[in-house]
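Notes follow the structure.
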Amino acid sequence: MPRKKITISEKVEYLSILDEKGKLDKTLEPDISEDILLQLHRAMVLGRRFDERLLNLQRQGRIGTFAPIKGQEAAQLGAVANLRPGDWMVPAFRETAAELWRGRSLESIIIYNNGYNEGIDIPEDRNDLPISVPVGSQIIHAVGVGWAAKYRQKEDVAMTFFGDGATSEGDFHEGLNFAAVFQAPVIFVCQNNQWAISVPLSKQTRSPTLAQKALAYGMPGIQVDGNDMLAVYAAAQEAVARARTGGGPTLIECVTYRLLMHTTADDPKRYRSDEEVEQWSKRDPLPRFQKYLMDKGLLSAAEIKAVESEVLDEIQDAVDRAEKQMEALGNPMDMFEHAYAEMPPYLNEQKAQLAQELTELDEEGKHG
Amino acid sequence: MAKMTMVQALNLALQQEMEKDDRVIILGEDVGVDGGVFRVTDGLINQFGDQRVLDTPLAESAIVGMSVGMAVYGLKPVCEIQFSGFSYQNFHQIENHAARLRWRSRGRHTVSMVLRTPYGGGVRALEHHSESREAYWAHTPGLKLVIPSGPRNARALLVSAIRDPDPVIFYESKAVYRAFREEVPEEEETLPIGKPQLVRSGKDLTLISYGAMMRPTLQAADELKNKDGVEAEVIDLLTISPLDEEILIQSVKKTGRAVVIHEAPRSFGAGAEIVSRLMEKAFYYLEAPIERVTGFDIVIPMFSREKAYLPSTERILRAARKVLAAS
């Protein structure tokens, strides 16, 4: 029997609009308003400088471990900028710039990274979920949110973020499968930053692309240059529109690079070369986008300087506010709050016991 | 009042709550067209349609993870995991997310969902179909764990679980599903979660159990009365976590003797926690060491040997007589 070719209706594509030298493909240039372009630029600078400041605070022992985003600003901002306020962002843990775009405060991120979950502060007018540390486990929540929106006949969509490592997790496959079966309005954004701590993409999968995994689930997959703000934006715009109008889910693979460590507890020199990092530094999304905006006449060198200065002031104010707010968070008894809607009696007892012990220890300290 | 099996009573609870509240959504494997492998969701897809009763792909983690997302959006998902032996594949979704979101988000997001799943031995089932691993859930802060023992309390507790603002694991004993019928009122009936029930008063000994083990426990209480002239007080926990110890302490203060019965393995089981609390709060009232009658710390054997594994009326009687004999 001759073999027959099976035709798969979905396709996997690659999109690059602004190449690494900053050369624009005019035919593909998305129609983004000047206002949004400038907001995106400011958000990139803010994300970059805030990341630097967090690293600095961590090295000084003023916050704990965190996951830097340097180099991945376009991959997350280009995607999330397509959401409406009422939509849902379901993040992993390396989406600081996207979270800031969604209205999370700088100080809340500092407070969280200094070990207070009061820092999980979702703005009242946003529905977003808090960051999710167990890799890939949040992907499915976006499917539940998206399905619920569809059930309620709302236009809300859910956008979830995850990394290349997460595509090896069962939850990634289950999530994509469920989203496709139920045609849930979900946009799966994979920030393929090449490294899952020390494991490179080549050891994570034999697939030439991550985007092609979408085909197995019957949804469109697109690979984009994740350091190209325009390509990410255009791909996400299309995916969000499709989801909002009942066209179901999309997988977007943003090919990017983690220029810094996995978290501040990690030393990337153990597993990758300086040359590789150097090569990727040349594809930095920020100067590329700035060149585009300057070529368009939307931004001058002086204006970039002004944005830089504004952003640094904003960050300093946030650090000051965070440190002040944290002075009020010292009470360990607060850790018992929000365990359940209603505190069970034995938990009240445990709380009272700790309070008493702390008081007694305090008294002994004073007299001893 | 109609006489119902536990399967029928659970079906009634689901049907009535779905009628009242369009936030209630059922999802799981075979819960729609097939009505669930034990028929607990029988007929619901016909009444409410496939947007209220979802036959999902076969993936436990996604069933629970999707429920978390639905609950955060404001729905009240009631998901079914076909056998509790498969719920380890969704354990991380409960532990990392369902049970924690309220705490993590300082109350901003809550997960009002129910995970229903059949548990326990005694029905000659396949491997991975008979275990009783409630301790895993009971050890998870932020979670509630309910185990009814009969049709009437199962119905009332399931209604309460669906309305509860926190995630509830709802264990249904396969051995009880069709074992007997009880009068179940058509009109609404609820039972508070977190409140054990005193099902029989007595002054000589306290027997504490839950779920499928309530039947051999009550039979043992009958035997003690008829053959030994002993009046055993019997407590049905109904909710394992949050565990309300008050009624247990009051009872043991009165009787001075206690036996805890469960089919789960002994070590680190619910019985260990109950004994600890009685030690802490009723130690000076005890006349004898508390006994545990439980499964053993091995994999529950395949069905040809499960009778020897599961606590029986005889084993409960032996433990009770030992506790009664001690002075």
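Round to the nearest 10 and give me the degree value, 0 to 90, for the angle of helix A:285-295's Cα axis relative to the longest principal axis of chain A. It works out to around 60 degrees. Arranged from fewest to most other beta-carbon atoms within 10 Å of their beta carbon, B:19, B:263, B:80 become B:19, B:80, B:263. Taken residue by residue and averaged, Cβ atoms of other chains lying within 10 Å of the Cβ of B:21-30 number 1. Over all other residues within a Cβ to Cβ distance under 14 Å of residue A:193, the charged ones net out to -4, with Lys and Arg as +1 and Asp and Glu as -1.
Note on residue B:20: aspartates and glutamates with a C-alpha under 12 Å away, same-chain residues under 8 apart excluded, are B:188. Counting Lys and Arg as +1 and Asp and Glu as -1 over every other residue whose Cβ lies under 12 Å from the Cβ of residue A:266, the net charge comes to +3. Applying a DSSP loop filter and a limit of 11 other Cβ atoms within 10 Å to the GluC sites (Glu not before Pro) in segment A:74-143 leaves A:124. Strictly over 20 Å apart at the Cα level, which of B:174/B:225; A:23/A:282; A:21/A:305; A:351/B:254; B:203/B:227 would you flag in this model? B:174/B:225; A:21/A:305; A:351/B:254, as the Cα separations exceed 20 Å there.
Ordered by the count of other Cβ atoms within 10 Å of each Cβ, fewest first, B:20, A:150 give B:20, A:150. If you fit an axis through the alpha-carbon atoms of helix A:170-181 and take the longest principal axis of the Cα set of chain A, what angle between them do you get, 0 to 90°, nearest 10? The angle comes out near 60 degrees. With a cut-off of 13 Å between beta carbons, the residues surrounding residue B:306 carry a summed charge of +1, where Lys and Arg count +1 and Asp and Glu -1. Under 17 Å of direct C-alpha separation, and excluding same-chain neighbours fewer than eight residues apart, residue A:213 reaches these lysines: A:11, A:203. Note on chain A: GNM, Cα springs under 10 Å; of A:86, A:136, A:170, the largest mean-square fluctuation is that of A:170. Peptide B:244-250 has a mean shielding of 1, counted as Cβ atoms of other protein chains within 10 Å of each residue's Cβ. Residue by residue along A:134-141, Cβ atoms of other protein chains within 10 Å of the local Cβ number 6 on average. Cross-link partners of residue A:150 among lysines, defined as those whose alpha carbon lies under 20 angstrom from its own and excluding same-chain residues fewer than eight positions apart: B:76. Neighbour counts of other Cβ atoms within 10 Å put A:160, B:255 in the fewest-to-most order B:255, A:160. Could you state the angle between the C-alpha long axis of helix A:229-244 and the longest principal axis of the C-alpha atoms of chain A, as a value from 0 to 90 degrees rounded to the nearest 10? Tilt of helix A:229-244: around 90 degrees.
Bear in mind that the values in this text are calculations on the coordinates, not laboratory data. For clarity, every value in this text was computed on a predicted model and none was experimentally measured. Backbone-built Cβ (ideal geometry, glycine too); neighbour counts: all protein chains shown.
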